[in-house]
Amino acid sequence: MIGQLRGQLIHKQAPELMLEVHGVGYELLASMTTFLDLPDINEETTLFTHFIVREDSQTLYAFSSKSERSLFRTLLKVNGVGPKMALAIVSGMTMREFSQFIHAGDVTALTRLPGVGKKTAERLIIEMRDRLPKVESDDSTPPSSTSIALSQKQIEEEAVTALLALGYKLPQASRMVSAISADDLSAEEMIRLALKASLL
């Protein structure tokens, strides 16, 4: 089991990244929260990982914190929740927000996440309620990230591509990105804002 990697970040385009460790390039899929925490290209970083092996694929998932990875692993234990949906959930909201929705029994908020229908949301509430601690509301804003020198159109296209990879349909992903009017944002920041706005 590969549980942690420390190396040089040589590629990142949400939700994919590559980390070079002693000359070996590891391809990983990461949540949007992790992308916001990533350093610039060619800098060193440490990521916590979860390795999933299937008959037709071997995939490494990367997280910037053990708590985020723990939530991902807990989600995988829920009937009907696979890696793609689990990654979308940890990308769409923080652990604090997710815990608040679970304990409040907020089915509507959970169904705004890609791939989460009413039955899955209800199952998440039932199965996760006893596994997550109750938390107080938090009005803090998401952390900032260094903006990449790309044109606004390129950034928006990258954001849409990442949302498609998370399970959103093209029309919905395009609308979500178009609704973010702020300039000087990196693709990762735009994705994060689009995901947060979809929960409102």
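Among the residues that make up the stretch 92-104, is at least one of them touching a residue at least 24 places away in the same chain (Cβ under 8 Å), closer than 22 Å to Ala165 by Cα and in contact with a strand residue (DSSP E or B) (Cβ under 9 Å, 6 or more places away or on another chain)?
no
This table checks each residue for (1) touching a strand residue (DSSP E or B) at 6+ places or on another chain (Cβ under 7 Å); (2) in the same structural domain as Gly82 (by TED's automatic domain parsing); (3) modelled with pLDDT of 80 or more.
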position: Leu124; (1), (2), (3): no, yes, yes
position: Pro133; (1), (2), (3): no, no, no
position: Ser137; (1), (2), (3): no, no, no
position: Pro143; (1), (2), (3): no, no, no
position: Thr146; (1), (2), (3): no, no, no
position: Ala159; (1), (2), (3): no, no, no
position: Leu163; (1), (2), (3): no, no, no
position: Leu166; (1), (2), (3): no, no, no
position: Met176; (1), (2), (3): no, no, yes
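Considering only residues that are more than 22 Å from Ile191 (Cβ to Cβ) and either among the hydrophobic types (A, V, I, L, M, F, W, C) or loosely packed, with under 15 Cβ neighbours inside 10 Å (or both), which ones fall in the stretch 71-90?
Let us first name the residues in the stretch 71-90 that are more than 22 Å from Ile191 (Cβ to Cβ), namely 73-74, 76-80.
Selection gives Arg73, Leu76, Lys77, Val78, Asn79, Gly80.
Here is a list of conditions, (1) surrounded by fewer than 19 Cβ atoms within 10 Å (Cβ to Cβ); (2) touching an Asp or Glu at 6+ places or on another chain (Cβ under 9 Å); (3) over 22 Å from His11 (Cα atoms); (4) of a type in the set (S, T, N, Q), and Ser65 meets all of them except one; can you say which number that is?
Of everything listed in (1) surrounded by fewer than 19 Cβ atoms within 10 Å (Cβ to Cβ); (2) touching an Asp or Glu at 6+ places or on another chain (Cβ under 9 Å); (3) over 22 Å from His11 (Cα atoms); (4) of a type in the set (S, T, N, Q), Ser65 misses just condition (3).
Go through the stretch 1-29 residue by residue and tally those that are touching a residue at least 40 places away in the same chain (Cβ under 8 Å), surrounded by 16 or more Cβ atoms within 10 Å (Cβ to Cβ) and among the small types (Gly, Ala, Ser).
Summing the residues that are touching a residue at least 40 places away in the same chain (Cβ under 8 Å), surrounded by 16 or more Cβ atoms within 10 Å (Cβ to Cβ) and among the small types (Gly, Ala, Ser) in the stretch 1-29 gives 1.
Quick one: in the stretch 94-110, which of the residues that are out of contact with any helix residue (DSSP H, G or I) (no Cβ under 7 Å at 6 or more places or on another chain) and buried (at least 19 other Cβ atoms within 10 Å of the Cβ) is nearest to Ser65 (Cα to Cα)?
Ser99
What number of residues in the stretch 17-35 are more than 20 Å from Leu75 (Cβ to Cβ) and not charged (D, E, K, R)? Steps first, please.
Here is the first cut: in the stretch 17-35, the ones more than 20 Å from Leu75 (Cβ to Cβ) are 17-27.
Within this subset, residues satisfying the condition of being not charged (D, E, K, R) are 17-19, 21-26.
So the answer is 9.
The values are calculated or read from the model by the stated rules, or taken from the named source; none is laboratory data. This structure is a prediction, so every number in the text was calculated from the model and none was measured. All Cβ positions, even for glycine, are placed from backbone atoms using ideal geometry, and neighbour counts span all protein chains on display.
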